[in-house]
Amino acid sequence: AAKQTGRDGYHFYDAALSSELRQRLMLEQQLRMAIRPGADLGLQLYLQPKVDLRCESVVGAEVLLRWHHPEKGMISPADFIPLAEESRLIIELDRWVFQRSCELLRDWQRAGRPVPSISINLSARQLQEPDLVDWCLDQIKIFGLQPAMLELEITETAFINLSDQVLEQLHALKLAGFHLALDDFGTGYSSLTYLRRLPLDVVKIDRSFVADLCQDPRAATLLKGVMRLLDEMGFGVVAEGIETADQSNLLQRIRCQLGQGFLYHRPMPVGSFVELLDKAPPASAS
Ligand code: C2E
Ligand code: MG
Ligand code: MG
Ligand code: MG
């Protein structure tokens, strides 16, 4: 009897697994279709303004992907990015975001708008593509931009297995003129090593740090020391996930000047971001 149950259990598990697998395959297929030229299947760029904490003026924006799925409604990037990362789809998806972002900058430039600096998230897998730097430079040329208009954010955990090849790609991107940002700083295991070895312009303090800041005196002390370190090493610093005025005040007291968070602006559609800029033109990023 026990064996029977076991087998039933197994069958049940099997069926559940295959249905989940079917779901994932379907989503993956739909994502693939959504990035085809001319497709309009709900994939959209959102922009989250980056502000100067002292005066709240907008100094730039981070591009965050949104998927309004035709049947399932809004699907979070926290769900579909990991799915895309299981295959080469993430390479194409990130490149789609890169191209759409270049398009935006080109349009703003053509319209004679002051063009704010834009950050794009790149998946770790992208850094393993031998043609990455050439591809990025080609796009920049096609859209008539300069590399320095773009900041590429790479999450800290991408560097867990930091190979010479990845390091070379980063140096080549930097040499080409792109700005590089270390995203989610403080969530990986050897953050200090990355600071020493990666050719970074900007470090983004993970929002888990910011969240603890006002409750935990040790978190505040730690961040204060980290801020000094980053400053002395010459990095720009952006705090992520600022939700309260207390957090913002404390960050300013420890000399963190730039940040993003719901306190200021949530990620918004491109149209809303343009309206925001029209009301208050961007300050130049420091
Ligand atoms: P991330 O790059 O660290 O982006 C910051 C995330 O924090 C965003 O989540 C943003 O909406 C959220 N956030 C901003 N301010 C606040 C706040 O005050 N409170 C809270 N609780 N959250 C805040 P989102 O848009 O869901 O994106 C999640 C992650 O998905 C991103 O983390 C990034 O790693 C990834 N992602 C998004 N778009 C892309 C993309 O185009 N390519 C790649 N490779 N990854 C992307
Ligand atoms: Mg990011
Ligand atoms: Mg982040
Ligand atoms: Mg994050």
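The values are calculated or read from the model by the stated rules, or taken from the named source; none is laboratory data. Quick caveat: nothing in here was measured; it's all calculated off a predicted structure. Note: ideal-geometry Cβ built from the backbone for every residue, glycine included; neighbour counts use all protein chains shown. Areas reflect the complete protein model, heavy atoms only, side chains present, ligands, DNA and RNA absent. Shrake-Rupley method; radii C 1.70, N 1.55, O 1.52, S 1.80 Å.
Residues 268, 233, sorted by accessible area with the largest first, give 233, 268 [1.4 Å probe; ligands and nucleic acids excluded]. Determine the relative contact order of the chain: mean sequence separation of Cα pairs under 8 Å and six or more apart, normalised by residue count, in whole percent. Reported relative contact order: 19 percent.
Of the accessible area of the chain, computed with a 1.4 Å probe over protein heavy atoms only, carbon and sulfur atoms account for 52 percent.
Count Lys and Arg as plus one, Asp and Glu as minus one, and take only other residues whose Cβ is under 15 Å from that of residue 190; the net charge is then -1.
Approximating the spin labels as points 7 Å out from Cα along Cα→Cβ, the residue 103-to-residue 33 distance works out to 1.9 nm. Oblate is the label for segment 144-281, because a/c, from the alpha-carbon gyration tensor with a ≥ b ≥ c as root eigenvalues, is 1.5 or above and a/b does not exceed b/c.
Per residue, the chain exposes an accessible area of 53 Å² to a 1.4 Å probe, with every protein chain left in place. Simple point charges give the picture: +1 on the Cβ of Lys and Arg, -1 on the Cβ of Asp and Glu, and for segment 68-211 a dipole about the Cα centre of about 440 debye. Could you tell me the distance between the Cα centroids of segment 70-128 and segment 28-59, to the nearest Å? Taking the Cα centre of segment 28-59 as reference, the centre of segment 70-128 is 6 Å away. Restricting the GluC sites (Glu not before Pro) of segment 76-177 to loop positions (DSSP other than H, G, I, E, B) with no more than 14 neighbouring Cβ atoms within 10 Å leaves 86. Summing charges over neighbours of residue 130, with a neighbour being any other residue whose Cβ is under 15 Å away from its Cβ, gives -3 when K and R count +1 and D and E count -1. Summing Lys and Arg as +1 and Asp and Glu as -1 over all other residues whose Cβ lies under 14 Å from the Cβ of residue 114 gives a net charge of +1. For segment 87-152, averaging the sequence separation of C-alpha pairs within contact (under 8 Å, six or more residues apart) and dividing by the residue count gives a relative contact order of 43 percent.
Once the chain from residue 57 to residue 21 is taken as fully extended at 0.36 nm per residue, the excess over their C-alpha distance is 8.4 nm. For the chain, the longest piece that avoids every one of the chymotrypsin sites (Phe, Trp or Tyr not before Pro) found in DSSP loops with at most 15 other C-beta atoms within 10 Å covers 1-188.
A 1.4 Å probe, protein heavy atoms only, puts the accessible area of residue 131 near 70 Å².
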